[in-house]
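S.K.: Shown below is the structure under consideration.
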Amino acid sequence: MIEQKTPNTQKKINKTVRLVALEIWILVFYKNKKFDDIIKKSFDFNKLDKRDKSFLFLLINTCMRRHNQAQKFFNKYAKFGIKKKNRYLNSILIIATIQLIWLKISPYAVLNEAVNQAKLYIGDKQSKLVNAILRKMLADKDDWLNLIPEDKYNLPEWLLKSWTASYGEKNVNEIARLAMKPPPLDIVVSKKINKKEIEQLKTLLSGEQIIPNVIRCNVNETIENLPRFSDGIWWIQDVASQIPCNLLLSKIKTHFSKSINSVKILDMCCAPGGKTSQLLDNKLDVVSIEKSKLRSETFKKNMERLNFDHKLINADAENYIPSFKADVILIDAPCSATGTIRKNPDIFIKPAPINLDDLILTQDNILNNASRILEENGLIMYITCSLQKIEGERRIEKFLKNNQHFSILSFLPNDYPMINDCITKEGFIRILPNYFNFNCDNVINGSDGFFIALLKMGQ
């Protein structure tokens, strides 16, 4: 049920889409509720028509991405500043500012609705303040581009400091800029189909082929409604998420003397199945491990749709002991997922650093378990979609310190065409969300952020 301050009337309210958005935003921003969870239970949301639902999605997601920027901007016009603790006043102004500046909604509609919301929730005096602030803003409309704070100020302060220290101000500016828009959709086309069919699919999706067998498109459609979904010839996977397995394929070919198809691979944290799909599409021998029963069901559905003959074991990667020793162990470790900020805008509204203690312990435990079940001369690939070095570089440093019979197998530029700028001095891969520019007119550049390390048993 949506929390609501008692309005200044006892009459039944016919809630507009903007009023529903305000109530949802209060829950998201001040109560730390997940947007997706709220709308599933919200009677008011479900009463909206399709068009209004789409607008509300756009509005709330933009508010998550740009609320800091919006607040810094409207406070230029508030004599004493509007504090975040004034939840209704602050929220009304954030939502109005977002609509005016970034969604280009008619000023009259925005102003009228904001003033009415203020009257309803916080009284006539505050409604006059809302009216005055918004009118002052509109008077400067022609100069907004010069007055709006930089995109980077949308990042929580703890992330802004962390990323600036790790990657420099220029990269952070670019990461923030790209994260202001919803991400594109990357579709991996199975090797089962030919080039002609790929071209046809590209046309159907109005997309661009950014690398072989990957089509990037900008769609707002439900995944199940996209062309040829039921044919099982493609799956969704961000382009950066595909690089680990592409690198692994390259390294397997040069590292092992036996046939690539006889190499035994364990995918230790497999759901939803993108990386397993890549390996199976290349006809590799993969056993997939997943702890969560719910995520296991998602994995199985994806494999069945794609017609992949899979081997799934519901087990905990921290302590799973197989009946065989694996040649290769793939660890896409549970992490803070800060590298996926553009598709997970709720990261923007986390005011304090994420507590990583439990995640780090899990990451260490999985790495240590992998070392015990690896075949002699085997490989461990460790992956996180986090930009926090404590979940990437620092975890590998600790592992190598405690496991001196392992060493780094460095990545080289010729391992895969896209990685030249991503190779660190240690031989790891560090992909920042702003690294990939595909020179396509119709799609957004960038990717998720990833860390990739490859370890071999032996020096």
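Coordinate-derived values only; no laboratory data. Keep in mind that what you see is a predicted model, and the values were worked out from it rather than measured. Glycine gets a Cβ as well: all are built from the backbone with ideal geometry, and neighbour counts include every protein chain shown.
S.K.: For residue 203 paired with residue 344, estimate the spin-label separation in nm (one decimal), with each label point 7 Å from Cα along the Cα-to-Cβ line.
M.R.: In this crude spin-label approximation the distance works out to 3.9 nm.
S.K.: Can you compute log10 of I(q)/I(0) for the stretch 241-457 with the Debye formula, treating each Cα as one identical point scatterer, at q = 0.13, 0.15, 0.16 Å⁻¹?
M.R.: -0.75, -1.02, -1.17
S.K.: If eta is 1.306 mPa s and T is 10 °C, what Stokes-Einstein diffusion coefficient results for the stretch 274-364, Kirkwood Rh from Cα pairs, in µm²/s?
M.R.: Diffusion coefficient, whole number: 103 µm²/s.
S.K.: Compute the normalised compactness of the stretch 17-149: alpha-carbon radius of gyration over 2.2 N^0.38 Å, N being the residue count.
M.R.: 1.00
S.K.: Also, I was wondering about something else. Based only on Cα atoms, what mean projected area does the convex hull of the chain have, in nm²?
M.R.: 23.6 nm²
S.K.: Once phi is turned into ³J(HN,Hα) by the Karplus curve 6.51 cos²θ - 1.76 cosθ + 1.60 with θ = phi - 60°, what whole-Hz value does each residue of the stretch 443-453 show in order, with x for glycine and proline?
M.R.: Ordered by residue, 3J(HN,Hα) equals 10, 7, 7, x, 7, 6, x, 9, 10, 9, 10 Hz.
S.K.: Which ³J(HN,Hα) values, rounded to whole Hz and listed in residue order, are derived for the stretch 180-193 from phi using the Karplus coefficients 6.51, -1.76 and 1.60 in 6.51 cos²θ - 1.76 cosθ + 1.60 with θ = phi - 60°, glycine and proline given as x?
M.R.: 6, 10, x, x, x, 10, 9, 10, 8, 8, 4, 6, 5, 10
S.K.: Skipping prolines and chain starts, which residues have an amide H placed within reach, meaning under 5 Å, of the one on residue 267, given they are 5 or more residues away or on another chain?
M.R.: Amide H neighbours of residue 267, under 5 Å, 5+ apart: 287, 288, 289, 330.
S.K.: Going down the table (301/325; 258/325; 83/119), which pairs top 21 Å between alpha carbons?
M.R.: Listed pairs above 21 Å: 301/325.
S.K.: If the reach is capped at under 19 angstrom between alpha carbons, list the aspartates and glutamates near residue 33, excluding any in the same chain fewer than eight residues apart.
M.R.: Correct list for residue 33: 3, 23, 44, 346.
S.K.: Hey, what do the phi angles of the stretch 362-374 turn into as Karplus ³J(HN,Hα) couplings, whole Hz, using 6.51/-1.76/1.60 and θ = phi - 60°, x for Gly and Pro?
M.R.: After applying 6.51 cos²θ - 1.76 cosθ + 1.60, I find 4, 4, 5, 5, 5, 4, 5, 5, 4, 5, 7, 10, 9 Hz.
S.K.: Continuing with this model, one more query. Regarding the stretch 56-114, what are the three Cα extents along the principal axes, ordered largest first, in Å?
M.R.: Its Cα atoms span 28, 23, 17 Å along the three principal axes.
S.K.: With +1 on each Lys and Arg Cβ and -1 on each Asp and Glu Cβ, and nothing else charged, work out how big the dipole of the stretch 17-149 is about its Cα centre, in Debye to the nearest 20.
M.R.: Using Cβ point charges on Lys, Arg, Asp and Glu, the stretch 17-149 gives about 400 debye.
S.K.: State the volume of the convex hull built on the alpha-carbon positions of the stretch 235-329, expressed per residue in Å³ and rounded to an integer.
M.R.: Expressed per residue, the convex hull around the Cα atoms of the stretch 235-329 is 96 Å³.
S.K.: Still on this structure, I have one more. Where a ≥ b ≥ c are the square roots of the eigenvalues of the C-alpha gyration tensor, would you call the stretch 134-219 rounded, which needs a/c under 1.5, or, failing that, prolate if a/b is larger than b/c, or oblate?
M.R.: It comes out oblate by the Cα gyration axes.
S.K.: Out of residues 5 or more away from residue 315 or on other chains, whose amide H comes under 5 Å of its own, with H placed 1.01 Å from N in the peptide plane?
M.R.: 290, 291
S.K.: Also: May I ask you to order 308-314, 23-29 by the average number of other C-beta atoms within 10 Å around their residues, highest value first?
M.R.: Those peptides, ordered most packed to least, come out 23-29, 308-314.
S.K.: Give me the distance between the Cα centres of the stretch 331-394 and the stretch 100-119, rounded to whole Å.
M.R.: Each part reduced to its Cα centre gives a spacing of 42 Å.
S.K.: Which order do peptides 379-390, 40-51, 338-349, 109-120 fall in by mean Cβ count within 10 Å, highest first?
M.R.: Ranking the peptides 379-390, 40-51, 338-349, 109-120 by packing returns 379-390, 338-349, 109-120, 40-51.
S.K.: Residue 406's amide H: which non-local residues (gap 5+, or another chain) put their own amide H closer than 5 Å, with H modeled 1.01 Å from N in plane and none for Pro or chain starts?
M.R.: Close amide H contacts, sequence-distant or interchain: 458.
S.K.: Please compute the length gained on full extension between residue 325 and residue 146, using 0.36 nm multiplied by the number of residues separating them and subtracting their Cα-Cα distance.
M.R.: Additional length available on full extension: 58.4 nm.
S.K.: Excluding same-chain residues fewer than 8 positions from residue 389, which lysines have a Cα within less than 23 Å of its Cα?
M.R.: 152, 161, 170, 275, 343, 350, 398, 401, 425, 456
S.K.: OK, next. Report the normalised scattering of the stretch 360-419 as log10 I(q)/I(0) at q = 0.24 Å⁻¹, calculated by the Debye formula with identical scatterers on the alpha carbons.
M.R.: Values, matching the q order: -1.13.
S.K.: OK, next. Between residue 410 and residue 437, what length in nm is gained on full extension when 0.36 nm per residue of separation is reduced by their alpha carbon distance?
M.R.: 7.3 nm
S.K.: What is the diffusion coefficient of the stretch 156-203 in µm²/s, taking the Kirkwood radius over Cα pairs and the Stokes-Einstein relation at 37 °C with a viscosity of 0.692 mPa s?
M.R.: 237 µm²/s
S.K.: Could you tell me the center-to-center distance, by alpha carbons, between the stretch 77-96 and the stretch 213-266 in angstrom?
M.R.: Measuring centre to centre over Cα atoms gives 46 Å.
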